[in-house]
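Input: a single structure, listed below in structure tokens.
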Amino acid sequence: MAKMKIKKGDTVQVLAGKDKGLTGKVIAVNTETSRVTVEGVNRVTRHTKAGESARGSRTGGLVVQEAPIHVSNVAIIDPEDKKPTRVKTRVETIERAGRTKTQRVRVSVRSGKDL
């Protein structure tokens, strides 16, 4: 299984499907199924069983919520020109107190800026 390059909190654009062209923020990432949940995208209606909460208010009925979408159908938005881009990683070496440490940084392929 390949590592996913999209993380929670990223702004992405949908490339395929019924919501093609929409943008939103990633709410959740599931690495096992390679799916991401995007805010305001792929909204589905769920029928939940009616009941009562501890305070006595009615719960249930029709609930509209976001469903997961496959990671191949979304692309990260480039921070510079607001268009979809691919992601690559750059390895940086940091020296602190005589120690060297390597760190991976996500970089936009389109503009070369850090994400």
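Give, rounded to the nearest 20 debye, the magnitude of the charge dipole that the chain has about its Cα centre when Lys and Arg contribute +1 at Cβ and Asp and Glu contribute -1 at Cβ.
I would put it at about 200 debye.
Roughly what % of Cα-Cα distances in the chain sit above 19 Å, to the whole percent?
Counting pairs separated by more than 19 Å, the tail of P(r) holds 58 percent.
Compute the relative contact order of segment 1-77 as a whole-number percentage, counting only Cα pairs closer than 8 Å that sit 6 or more residues apart in sequence.
Relative contact order for segment 1-77 comes out at 32 percent.
Spin-label point model (7 Å from Cα, Cβ direction): what's the ALA50 to ARG96 distance in nm?
Label at ALA50, label at ARG96, 5.7 nm between them.
Among GLY112, THR59, VAL91, which residue has its Cα positioned farthest towards the positive end of the charge dipole of the chain, with +1 placed on the Cβ of Lys and Arg, -1 on the Cβ of Asp and Glu, and the dipole taken about the Cα centre?
So the residue we want is VAL91.
In a Gaussian network model over the chain where Cα atoms closer than 10 Å are linked, find which of LYS18, LYS83, LYS101 has the largest mean-square fluctuation.
Top of the fluctuation ranking is LYS101.
Throughout, read-outs are computed from the coordinates displayed, never taken from laboratory work. Keep in mind it's a predicted model, so treat the numbers as computed, not measured. Cβ sites come from the backbone with ideal geometry, for glycine too, and all protein chains shown count toward neighbours.
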